[in-house]
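Comments concern the structure below.
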Amino acid sequence: MTDALPHPIRVLVKGSSLVVMVPDWNGEPGEYTFPRWIQNGLLDRGRPCELDNKGVAGELTRSALGDWEDQVMATSPDVAVFGYGYYECIHGLLPHWLERQVNTFNGRTGPFRTRFRGWVLRPTWKLLAQVQRVLDRHVADRLFRRRARRIVHDYELLIQRTRTVAPASPQVFVLALLGPGGKAGDWFPGMQARIDLMNTALAAMVATFDSPGVRLVPVPELAEQLGGEDPVPDGFHYSPRMRRLIGDWIAGEIDTAIPASGGPARG
């Protein structure tokens with residue numbers, strides 16, 4: 001009779017471009033997104049792991065509920081890592097659907113669509129972005145407070161539903177957010193104020209659960225370990241070292257929370 005294999009920890013990651021984008025295309029081979037470093041961190045600790053990253057660039061928090069049944073309920077993960085609330089903080093005035101049309105990764109092709117996107121849509125977007133750049137200095141988070149409450153409401157509902165998959169499971173990790181880096185702060189001068197507001201709201205939301213099974217990933221505090229290095233060199237997405245720090249921190253928390261025997265998580 002062969003020895004039984006240890007049960008793998010099933011980790012599900014959902015969010016916007018924070019969980020799927022690698023901005024440093026000229027970096028070293030193997031510099032993965034931070035969810036891969038969650039998997040690597042667990043394997044380094046001797047914990048088998050199955051990780052599924054369902055992130056979608058530009059996904060709004062409310063959209064996470066649309067595929068919850070297929071992606072969360074049906075897969076029964078031990079851990080869910082959510083990276084929402086960031087995309088909504090970028091633009092103070094411009095509609096998100098327009099930005100998605102301009103910068104989509106999987107837009108439909110064809111002679112007319114390609115020319116329309118290059119000759120009409122993108123120039124129009126750049127003009128509107130320049131107008132927003134001027135107005136955003138005065139708007140900042142003034143028009144964002146009501147939207148932030150809706151985002152947190154959707155986020156809280158997502159976590160509540162996720163925690164019903166199994167008793168005291170899955171463990172839920174919520175990413176705190178970093179402000180814009182590089183030149184992004186010049187293009188989006190009100191973004192930092194919106195990020196600050198959202199971080200305060202996310203911390204309060206996590207606190208309402210009052211459970212060790214729902215915790216905030218202290219991304220800004222982890223960034224302090226970089227010693228002055230910009231954690232978001234392209235303005236929005238994590239640097240290679242930052243991705244490793246986030247992934248390894250989450251892996252360590254998972255290793256502590258879920259017993260190696262495969263029993264129920266603590267909290």
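Annotation: extensible slack from Thr164 through Ala74 equals 31.2 nm (criterion: 0.36 nm per residue apart, minus Cα-Cα distance). Full extension of the chain between Arg122 and Ala207 yields a length gain of 26.4 nm, computed as 0.36 nm times the residue separation minus the alpha carbon distance.
Each of Ala260 and Asp196 was given a label point 7 Å from its Cα along the Cα-to-Cβ line. The distance between the two points is 4.5 nm. Listed by chain and number, the lysines whose C-alpha is less than 28 Å from the C-alpha of Lys183, apart from same-chain residues fewer than 8 away, are Lys14, Lys126. Calculate, for Arg45 and His153, the FRET efficiency according to 1/(1 + (r/R0)^6) with r their C-beta to C-beta distance and R0 30 Å; round to the nearest 0.05. Efficiency computed from Cβ-Cβ geometry: 0.25. Scanning residues 5 or more positions from Glu50 or on other chains, those with amide H under 5 Å from its amide H are Ile9, Arg10, Val11, with H placed 1.01 Å from N in the peptide plane.
Every number in this text was worked out from the coordinates using simple rules, so none of it is lab data. A quick note: this is a predicted structure, and the numbers were derived from the prediction, not measured. FYI the Cβ positions are ideal-geometry reconstructions off the backbone, even for glycines, and counts take in every protein chain you see.
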